[in-house]
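Notes for the one structure printed next.
The values are calculated or read from the model by the stated rules, or taken from the named source; none is laboratory data. Note that the coordinates shown come from a computational prediction; the quantities given were computed from them, not determined experimentally. Ideal geometry is used to build each Cβ from the backbone, glycine not excepted, and the neighbour counts take in all protein chains shown. With ligands, DNA and RNA removed, areas are computed over all heavy atoms of the protein, side chains included. Shrake-Rupley method; radii C 1.70, N 1.55, O 1.52, S 1.80 Å.
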Amino acid sequence: MTAPSDALDLRVKAELVRMAYLDSRFGAPFGMVVAVIFAWATYSAFPPSVVLGWLALTLGCNTLRLITRWQYLRQAIPLEDTQRWANWFTVVSAASGLSWGVGAWLFYTPQESIYRVMVVLVLAGMTTGASRLLAPIAAANLSYLYLAICPLVVRMMVTPDTRSYVLAAMWLLYVSYITVAAVQELRALRRTIRLHHENASLVGSLGSAKEQAERGNRDLSAEIARRQIVESELRAASERAAAASHAKSDFLATMSHEIRTPMNGIIGMLRIVRDTPLTQSQRDHIETAATSAETLLDLLNDVLDFSKIEAGRLELEQIAFSPTAVARSVADLLRPRAMSKGLEFTLELDPRLPFGVLGDPTRIRQVLFNLIGNAIKFTERGRVTCGLSCDVVDGSSTTIRFAVSDTGIGIDSVALGRIFRPFTQADSSMSRRFGGTGLGLAISQKLVAAMGSQLAVRSELGAGSVFEFAVRFKPPASHLEASDDSAPRYVPPKLRGRILIVEDDRINQRVIGHFLKQMGLETGLAEDGIAAVESALREPWDAILMDCHLPRLDGLDATRQIRARHPRRDLPIIALTANAGKEDRAACLAAGMDDFLTKPVRVELLAAALQRKLPPAPPPEGR
Ligand code: ADP
């Protein structure tokens, strides 16, 4: 195989050979004409046989050149034959040169100076012309030159004449000059041809690069079209997913509503019973039942929460609460469970804990419930401790560290890395032995993260575990806002006014009616939206408690109608609904309601809402 540069050299050489053959169309005929004229001029001075013999030789050599040229041009010459044709060319050129050399030898005579001059002139002209025309093949050029001139120089040297010696020396200089010029000419020719080829191959590679770029462009356009199709498919899929997620949210909202309504009834009824005269043990049972119902509601909320967290829709409340009370309520709820397993259960409360802080008590309760519940579940003997300590207290905030420790089975280091993942347990035999879904820690961790902290765990297999987190709380606007469990039981304020309860559920009607009675308020009832509008327009109510889901006309439309037709623009209408979402609140306010309470309603919150709208009851007479 030929290397690329060798191949190029060969092509350059072939072109030079071709150039030499083409140019010989001038050289050979010209040489023949000059030979004839020279023979005619010398014919009378030299023996005819010498002159004619030389003419025949010269004409023959030039004819040979023409025949070789014709042979070369009549066929396509393969590259590998280049050297052979170059050799031929050299041979015929050398023969031609020699014929001139012979002529110079014969006609350069010491006697006739005119012939000497003729010989010198003709030879100078012939070799100068040849050095240009034969330049493409160096061997041909130089052999022509040397064979034409050397005999003359030798002849001059042997002529006993000083002028001839001088002439010989000048000829030698001339030959050297012509040789250098021929070499330069050949070099220039080679360079030009080589450049031409390199340009051609550059143009070729530019062309193929352009073709490649065009192919790339076509591929790119096809790729863009493909991507557009994939994008539109993705968009459609994402729209489908959004619709599915919407359906899931609707389902969860409905579930939440449907379960909250009966829970509202259960919790409300238990509270009513709690406020009647009871024996201590009855009271304890009722308290436990109420707390359990609330826990059940909380658990339901857990599942809903997880979905909310997953959908990125978790919202934390910022209300005043007592961290001590929250910890106590969880401890009270779980202590019986610990005791039934023979475990020691301790609640360690830092005396520096603030009475009230601003935050989300439900979420704190939820996390503690999960951590303490787990600690009891995974401990067979020993103790479970829940500790609340004040880490940092400054003027504007308090950091409270919550730590739940146990002396239970512990968690190995590999499982520690995955227990916070949803639906994951340290070991799969756990769910059989201890029950559980593996959801609790996942929710707790996200809730704690939403409060700006991190749930950390230290554990040793067989020795126990410690789960802890520290949350920074702001103080509430007023310390009175937070209530402590150790404080006397809540007594609602006495208010003055007539309240219309708009509610279709019988149990809720009784629960709300009972709370309002505790506040000393008069009440009326409307069981659907139309009745509510009529009653509102007919009677002078001081406030309306409006359920949202009502027969005939829902609470939102009823509110709109009341607002449009009632002469009192500031008649307080408070939503009281099982739909607890942010969007539900916004819808109620947009329909014209003033406030928003969720079911199961706590008497404290209901009283606070009404207290903002109604005057206090006058002090009892006689005081
Ligand atoms: P569940 O308790 O419902 O299984 P969690 O998410 O609350 O779900 O806990 C996940 C797993 O972490 C548990 O199954 C248990 O393997 C491990 N774990 C959690 N708390 C403890 C603990 N106090 N001691 C030992 N293992 C624990």
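Here are some notes:
- Accessible area per residue in Å² at 1.4 Å probe, computed on the chain: 54 Å²
- Debye log10 I(q)/I(0) for the range 138-205, one point scatterer per Cα, at q = 0.16, 0.17, 0.26 Å⁻¹: -0.65, -0.69, -1.04
- Per-residue SASA entry for GLU231, accessible area with 1.4 Å probe, Å² rounded to 10: 100 Å²
- Summary of packing: across the peptides 120-130, 66-76, 332-342, 87-97, the per-residue average of other C-beta atoms within 10 Å ranks them, highest first, as 87-97, 120-130, 332-342, 66-76.
- Rounded to whole Hz, the Karplus (6.51, -1.76, 1.60) HN-Hα couplings of the range 592-605, x for glycine and proline: x, 7, 9, 8, 8, 10, 9, 8, x, 7, 9, 4, 4, 5
- Carbon + sulfur, % of accessible area of the chain - ligands and nucleic acids excluded, 1.4 Å: 59 percent
- Seen from a random direction on average, the alpha-carbon convex hull of the range 1-80 projects onto 6.6 square nanometres.
- Point-to-point label distance, GLU211-LEU349, nm (Cα→Cβ direction, 7 Å offset): 8.9 nm
- Residues whose amide H falls under 5 Å from that of LEU576, counting only those 5 or more places apart or on a different chain, are MET546, ASP547, CYS548, LEU597, with hydrogens built in the peptide plane.
- The 3J(HN,Hα) values that the Karplus relation (6.51, -1.76, 1.60; θ = phi - 60°) gives for the range 151-160 are, in residue order, x, 5, 5, 4, 4, 5, 5, 8, 7, x Hz. Gly and Pro appear as x.
- Tail fraction, Cα-Cα pairs, the range 312-416, threshold 19 Å, whole percent: 48 percent
- Protein-only accessible surface order, largest first, of HIS549, HIS246, HIS197 at 1.4 Å: HIS246, HIS549, HIS197
- Once Rg and the Kirkwood radius are both taken over the C-alpha atoms of the range 86-195, their ratio Rg/Rh works out to 1.03.
- Positive-end residue, the chain charge dipole about Cα centroid, Cβ charges, pick of MET118, PHE369, PHE402: MET118
- Accessible area, probe 1.4 Å, largest first, for residues TYR146, TYR165: TYR165, TYR146
- Karplus (6.51, -1.76, 1.60) ³J(HN,Hα), θ = phi - 60°, over the range 341-347, in Hz, Gly and Pro reported as x: 9, x, 9, 7, 10, 10, 10
- Taking amide H atoms as placed 1.01 Å from N in the peptide plane, the amide H of ALA526 lies under 5 Å from those of ILE501, VAL502, GLU503, each 5 or more residues away in sequence or on another chain.
- Compactness of the chain is given as radius of gyration and Dmax, 58.1, 179 Å, from Cα positions.
- Global size of the range 196-255 as Cα Rg and Dmax, reported in angstrom: 25.3, 85
- Averaging 1/r over every pair of different alpha carbons in the range 511-569 and inverting the result gives a Kirkwood radius of 12.0 Å.
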